[in-house]
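A.B. asks: Let me begin by handing over the structure; questions about it come next.
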Amino acid sequence: MGLREELSSTQRGKIAELHVATALMAQSAGRLSPFEPLSDDHGIDLVVLDKVTGAALPIQVKSWLLDPDKPTKTVQFDVQKSTFGEGKPGALVCVLMDTTTLSIVMAWMMRSADIPRIATDRPGKYVLAPSRLEGSKDKYAAHRHGSIASLTDAIQELLSTGVD
């Protein structure tokens, strides 16, 4: 049985959130300071504070654990409409994690305001199904980050330009 099956979705989500938080903190040399809300009933898993500008960014984190026995070209992230803050500022960070190393292999980051336009609208949720292939030209390609450095730069850019 693989790590995907052994851990609950809550446990997998918490692992991803902590990886994103520590990666942003380390990659930004401490400039970005992630905070965790006391509850995540509004779809906010982290609030990232830029300690230089004072700007804050609410982030929802979604994760997919790669199963080395079942390689797949695309991954799927579901955003529940009941917790999605449509019209509220923030960002969605989706991470693809390696189950062997528990490292972030790839990430996608987009403004929350863009999700209804980019995702597939299904009853009760928005579905995002990006390709995990590097050269893919799918509709998620502009949001893909192949490194933590790239993801961190995108979040800092969003913080500096304002979050709508």
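Values quoted throughout were computed directly from the atomic coordinates according to the rules given, and no laboratory measurement underlies them. This one's a predicted model, so the numbers in the text were calculated from it and none came from an experiment. Here the Cβ is made from the backbone with ideal geometry for all residues, glycine too, and neighbour counts use every protein chain on show.
A.B. asks: With the requirement that a residue be closer than 18 Å to residue 59 by Cα and surrounded by 15 or more Cβ atoms within 10 Å (Cβ to Cβ), what does the range 126-139 give you? Full working, then the answer.
C.D. replies: First, pick out the residues of the range 126-139 that are closer than 18 Å to residue 59 by Cα: 126-128.
Across the range 126-139, the qualifying residues are 126, 128.
A.B. asks: Restricting attention to the range 27-40, does a residue exist that is among the basic types (Lys, Arg) and over 15 Å from the mean Cα position of the chain (by Cα)? Reasoning before the result, please.
C.D. replies: Just the residues of the range 27-40 that are among the basic types (Lys, Arg), to begin with: 31.
Applying the additional criterion that residues be over 15 Å from the mean Cα position of the chain (by Cα) yields 31.
Checking the range 27-40: at least one residue is among the basic types (Lys, Arg) and over 15 Å from the mean Cα position of the chain (by Cα).
A.B. asks: For the range 79-91, enumerate the residues that are assigned to a strand (DSSP E or B) and not small (Gly, Ala, Ser).
C.D. replies: The answer is 79, 80.
A.B. asks: Something else: Look through 63, 33, 103 and report the one residue that is more than 22 Å from residue 12 (Cβ to Cβ) and surrounded by 12 or more Cβ atoms within 10 Å (Cβ to Cβ).
C.D. replies: So the residue among 63, 33, 103 that is more than 22 Å from residue 12 (Cβ to Cβ) and surrounded by 12 or more Cβ atoms within 10 Å (Cβ to Cβ) is 33.
A.B. asks: Of everything in the range 140-164, what is free of Cβ contacts under 8 Å to residues at least 40 places away in the same chain, small (Gly, Ala, Ser) and exposed (fewer than 12 other Cβ atoms within 10 Å of the Cβ)? Give them in sequence order.
C.D. replies: 142, the sole residue that qualifies.
A.B. asks: Another question about this same structure. Can you tell me how many residues in the range 66-100 are surrounded by 13 or more Cβ atoms within 10 Å (Cβ to Cβ) and small (Gly, Ala, Ser)?
C.D. replies: 3
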